[in-house]
């Protein structure tokens with residue numbers, strides 16, 4: 001592809017580069033700690049956590065609540081997390097013994113279900129890829145005319161999934177080529193500027209020597225001002241995009257890639273429980289650390305950020321690789337959390353296909369029987385999940401009902417206007433319960449750093465933190481009562497919000513996005529919890 005075609009595609013086709021950069025360009029910056037601020041007093045549509053601490057919780061006693069973070073790992077040594085990491089009181093560290101007889105040796109801070117003595121899984125397939133691999137030999141060379149009716153149905157579904165995988169691979173390949181071409185052109189211009197971190201003025205003064213140079217200059221001048229400097233712009237927009245699509249092709253959508261040998265379990269046995277290792281950070285603890293900080297980063301240490309809850313122990317249950325989590329691991333993570341004292345479980349993950357939904361459903365039922373409240377992120381595909389399934393779900397596969405101690409969370413922004421629904425957030429009038437802050441959330445990242453992330457992955461831990469806060473100050477309330485408090489105390493949204501359907505944007509009532517039609521609010525929730533606690 002020549003340079004002109006490359007840039008035309010980048011500008012007109014809505015590639016990763018322009019999508020990411022335009023979002024960065026149009027997003028205003030909220031106030032620090034905005035997710036905990038109050039709309040009336042601070043002008044930010046947070047959940048009024050700070051107001052609740054000042055007006056409702058001062059002088060009140062709390063009890064520690066264990067929150068399990070089922071994720072990709074947590075940096076337990078982070079300056080703003082190390083004092084709130086769960087410590088298994090019945091386990092002696094590094095003695096290679098299962099002291100508490102729970103089946104997991106040296107599980108001092110949690111467990112890793114995607115590792116072994118050999119190491120840790122970093123990358124994995126998407127569930128779509130794994131499902132196709134399972135039936136690949138069965139249908140690779142079959143003549144559909146010879147199949148029995150029951151097998152023909154399975155074959156047609158397999159063919160549909162095969163076409164979907166190929167479409168995704170084609171899209172990833174095209175995007176990778178586009179970004180690689182732009183990256184090459186950008187680095188060529190950077191070389192001409194003879195500066196590892198050129199300034200905006202450097203690009204303004206650049207005299208283009210080709211049409212490609214002119215296009216690079218135009219794009220950089222338009223997009224770079226939304227970033228701290230050139231290095232951040234290149235890293236966030238170019239390098240991360242390149243890595244993303246390269247990982248899709250190499251691992252996520254690659255039928256030949258297999259990670260499970262590293263774990264060493266019998267993957268065919270969904271009921272197998274005891275495998276893994278005690279490395280709760282793993283090779284990439286960015287996402288899980290960010291989630292943990294939102295829930296409970298130390299509030300009074302003058303460092304970094306403030307979590308929602310002030311008396312929490314974070315239990316890291318590493319389950320989610322770079323790729324889709326596996327149902328067997330999710331089920332075991334939920335059971336581990338429930339068996340080891342967690343009262344709130346945060347699940348900031350999801351996928352469009354499920355290998356074994358029943359094993360997850362059974363684990364959810366088990367956790368709820370132990371008075372555990374599960375919080376799940378609705379997903380970031382701007383889909384109506386009343387129509388498009390996003391696993392795991394609260395509805396049981398066997399049609400026996402649905403998980404009653406489960407909250408499904410969409411993501412909201414900081415402005416009380418038509419942009420209140422985060423543009424990426426999934427929604428569903430019948431499947432999403434509430435919305436919570438999930439845009440430009442600053443939180444803890446590995447090596448005692450901090451960064452902003454967007455996603456329902458950030459909104460779910462806001463709700464998990466709120467649930468932990470309620471359970472900490474009103475421990476007599478059950479998981480189902482806490483859910484009831486959170487849902488009944490939302491700030492109802494009376495105005496319409498923008499939502500994009502395909503290429504069309506329309507305005508709809510917020511009550512069409514979730515069951516409650518509102519944003520969670522800590523101040524209201526704690527007032528309602530106090531009344532409910534008094535009535536017990």
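Only the coordinates and a few stated rules stand behind these numbers; no lab work does. The shown structure was predicted, so the numbers you read here are calculated from the model rather than taken from an experiment. Positions of Cβ are generated from backbone atoms using ideal geometry, with glycine treated the same way; all protein chains shown enter the neighbour counts.
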Per 10 Å bin, what percent of the C-alpha pairs of the range 49-165 does each bin hold, from zero upward? 10, 23, 19, 16, 18, 10, 3, 0
Please compute the modelled spin-label separation between residue 261 and residue 163, points set 7 Å along Cα→Cβ, answer in nm with one decimal. 3.4 nm
Subtracting the Cα-Cα distance from 0.36 nm times the residue separation, let me have the gained length for residue 90 to residue 386 in nm, one decimal. 102.2 nm
For the range 242-300 and the range 93-163, compute the distance between their C-alpha centroids and round to whole Å. 13 Å
Indicate, rounded to the nearest 5 percent, the antiparallel portion of the DSSP beta bridges found entirely in the range 260-417. 20 percent
Distance in nm between pseudo-label sites at residue 503 and residue 171 (7 Å out along the Cβ direction from Cα): 1.6 nm
Run the helix sum for the chain: -39,500 (n - 2.57) per DSSP H stretch of 4+ residues, divided by residue count, reported at 222 nm to the nearest 500 deg cm²/dmol. -11500 deg cm²/dmol
Round to a whole angstrom and tell me the spacing of the C-alpha centers of the range 171-203 and the range 28-92. 39 Å
Run through the DSSP bridge list for the chain and note the antiparallel percent, rounded to the nearest 5. 40 percent
Treat each spin label as a single point 7 Å out from the Cα along the C-beta direction, and report the residue 274 to residue 102 distance in nm. 1.5 nm
Just to verify a number: FRET efficiency for residue 28 and residue 449, C-beta to C-beta distance, R0 = 25 Å, to 0.05? 0.60
For the range 437-463 and the range 362-422, compute the distance between their C-alpha centroids and round to whole Å. 18 Å
How big is the range 435-525 by the Kirkwood estimate over distinct Cα pairs, in Å? 15.0 Å
For semi-axes √(5λ) of the Cα gyration tensor in Å, calculated from these coordinates, the label among [x] 46, 26, 23; [y] 36, 31, 24; [z] 41, 30, 22: [y]
Taking 0.36 nm per residue of sequence separation and subtracting the Cα-Cα distance, how much length would be gained by fully extending the chain between residue 200 and residue 371, in nm to one decimal? 56.0 nm
Rh_Kirkwood(the range 197-306) over Cα pairs, Å, one decimal, evaluates to 19.1 Å
Fewest to most neighbouring Cβ within 10 Å: what's the order for 227, 349, 45? 227, 349, 45
Largest to smallest principal axis extent of the C-alpha atoms in the range 79-118, angstrom: 29, 24, 15
